[in-house]
């Protein structure tokens, strides 16, 4: 076998092994534990089947701004932070004081501050029934 053939096959094998190592590391990080270092900031019952949970990021320090994540869900009985770690927040902001109300299917959010992420596509289950609320957002700039 010529040297160039050995080098090509050696390169291919090393590349495949490295790709498998990176993919397995990413999969391991994705499937272990909650993705955020959050603590429960507040929980509020919006109506008989909907709860609002707000978490606050605990990492960082003086150089990292505060990050609050807002979740809609049914009642979470035990360890809400772990359950919320498996869900996606519908709102991520630097303010933990959003006013959230729910009337029928309509969830209204009024917030003053910076919004990092928002989605109005939320699906949650409460007592075995799936809910897809409509979310309207009123955002005001920080003072």
Pair list, Cβ < 6 Å and 6+ apart or interchain, from segment 21-39 residues that are in a loop (DSSP other than H, G, I, E, B) to residues that are surrounded by 10 or more Cβ atoms within 10 Å (Cβ to Cβ) and modelled with pLDDT of 80 or more: 34/85; 37/58
Verdict on residue 76 being touching a helix residue (DSSP H, G or I) at 6+ places or on another chain (Cβ under 6 Å), under 23 Å from residue 131 (Cβ atoms) and modelled with pLDDT of 85 or more: yes
Lone qualifier among 136, 48, 86, 130 - being within 18 Å of the chain's Cα centre (by Cα) and exposed (fewer than 14 other Cβ atoms within 10 Å of the Cβ): 86
Residue within segment 58-67 that is modelled with pLDDT under 95 and not in a loop (DSSP other than H, G, I, E, B) present: no
Residue under evaluation residue 77, criteria (1) in the same structural domain as residue 122 (by TED's automatic domain parsing); (2) assigned to a helix (DSSP H, G or I); (3) exposed (fewer than 11 other Cβ atoms within 10 Å of the Cβ), criterion not met: (2)
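The values are calculated or read from the model by the stated rules, or taken from the named source; none is laboratory data. Note that the structure is predicted; figures quoted are calculated from it, not measured. Cβ coordinates were reconstructed from backbone atoms using ideal geometry, including for glycine residues, and neighbour counts include every protein chain displayed.
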